[in-house]
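Comments concern the structure below.
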Amino acid sequence: MNGARQRMLGYGDARNESSAPGRTRWCDVPPDEAVAQVVTHIRRFRPDVIVTHDALGQLTGHPDHRRTHQVTLLAVEAAGIAHLHQEAGEPWQPRALYAATHPQSGIGDLGPLLREVGKTLLAMPDEYVTAAVNVTEWLDRKWRAICSHSSQLEGERPLPALLSRVDTEMRDSILATEYFTRFSLPTGGPVASAFTGGPSSR
């Protein structure tokens, strides 16, 4: 998107103390505070579509990813309700909410890589996936974005570091498809979680 820029909340990473010295870890931020900040950004930016992590934290269960999922669901609902967080501006209801996820059938070569470093795979059942997108055309851009997280290219266990050590063909195979679950967002109504009531939309 032309003119797009990152908007950082400034909290620390649960697994990287140097990410924001002296700041609260994102997974430890009080829910009301976290939701209020995300509502503010939603109302200012006014997006039609929001993408977040799934309830498992996408394969590895990172506590910040799980908290992001929880906060985003609450914030998307709250952003459209006028009497909530009035200081954040005029209400805005996005049209769609997607959770980036990974189905059990799509684990493939990724499974052995994670198991080699003692990581437990937390893939979703296939029926939770409502969209699969082939991103082969943008693999170079995707890999550059992953590599921009320089701290994750160090050590044995981070996924970017694991991917950096395999051949290009295997890496491309692992990264070629993005999976999502779409949540129901009735206008003026609550978010219906696909993770508690089954897929909400296909």
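The values are calculated or read from the model by the stated rules, or taken from the named source; none is laboratory data. Just so it is clear, the model here is predicted, and its values are computed rather than measured. A quick note on method: Cβ atoms are made from the backbone with ideal geometry, for glycine too, and the neighbour counts reach across all protein chains shown. To get the accessible areas, we keep the full protein, side chains included, count just its heavy atoms, and leave off ligands, DNA and RNA. Shrake-Rupley method; radii C 1.70, N 1.55, O 1.52, S 1.80 Å.
Checking each residue in the stretch 126-139 for being open to solvent by 70 Å² or more (accessible area, probe 1.4 Å) and over 18 Å from A55 (Cα atoms) picks out N134, T136, E137, W138. Scoring T101 on the criteria (1) open to solvent by 60 Å² or more (accessible area, probe 1.4 Å); (2) touching a Phe, Trp or Tyr at 6+ places or on another chain (Cβ under 6 Å); (3) under 26 Å from S164 (Cβ atoms) leaves a single failure, condition (1). For the stretch 75-84, a residue qualifies if it is surrounded by fewer than 17 Cβ atoms within 10 Å (Cβ to Cβ) and touching a helix residue (DSSP H, G or I) at 6+ places or on another chain (Cβ under 9 Å), and exactly one does: L84. Regarding P21, is this residue open to solvent by 60 Å² or more (accessible area, probe 1.4 Å) and in contact with a Leu (Cβ under 9 Å, 6 or more places away or on another chain)? No: the conditions fail for P21. Given the criteria within 17 Å of L159 (Cα to Cα) and part of a loop (DSSP other than H, G, I, E, B), does G57 qualify? Answer is yes for this residue. Residues of the stretch 154-177 that are of a type in the set (D, E, K, R), modelled with pLDDT of 90 or more and over 11 Å from D109 (Cβ atoms): R165 alone.
Please verify whether the stretch 135-152 includes one or more residues that are part of a strand (DSSP E or B), within 15 Å of the chain's Cα centre (by Cα) and of a type in the set (A, V, I, L, M, F, W, C). Checked against the condition, which is being part of a strand (DSSP E or B), within 15 Å of the chain's Cα centre (by Cα) and of a type in the set (A, V, I, L, M, F, W, C), the stretch 135-152 yields no hits at all. If you go through the stretch 1-54, how many residues are out of contact with any Ser or Thr (no Cβ under 7 Å at 6 or more places or on another chain) and in a loop (DSSP other than H, G, I, E, B)? Here the count works out to 25.
Yes/no per residue for (1) under 25 Å from E156 (Cβ atoms); (2) at pLDDT 95 or above:
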site	(1), (2)
T72	no, yes
A88	no, no
H102	yes, no
S105	no, no
R115	yes, no
A132	no, yes
R141	no, yes
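For the stretch 104-125, a residue qualifies if it is small (G, A, S) and either open to solvent by 10 Å² or more (accessible area, probe 1.4 Å) or part of a loop (DSSP other than H, G, I, E, B) (or both), and the qualifying residues are S105, G106, G108, G118, A123.
Can you confirm whether the stretch 46-67 contains a residue that is over 24 Å from F183 (Cα atoms) and open to solvent by 80 Å² or more (accessible area, probe 1.4 Å)? Break it down stepwise before answering.
As a first pass, look at the stretch 46-67 and keep what is over 24 Å from F183 (Cα atoms): none.
No, that holds for no residue.
Yes or no: D64 outside any strand (DSSP E or B) and within 15 Å of the chain's Cα centre (by Cα)? When the stated conditions are applied, D64 passes them.
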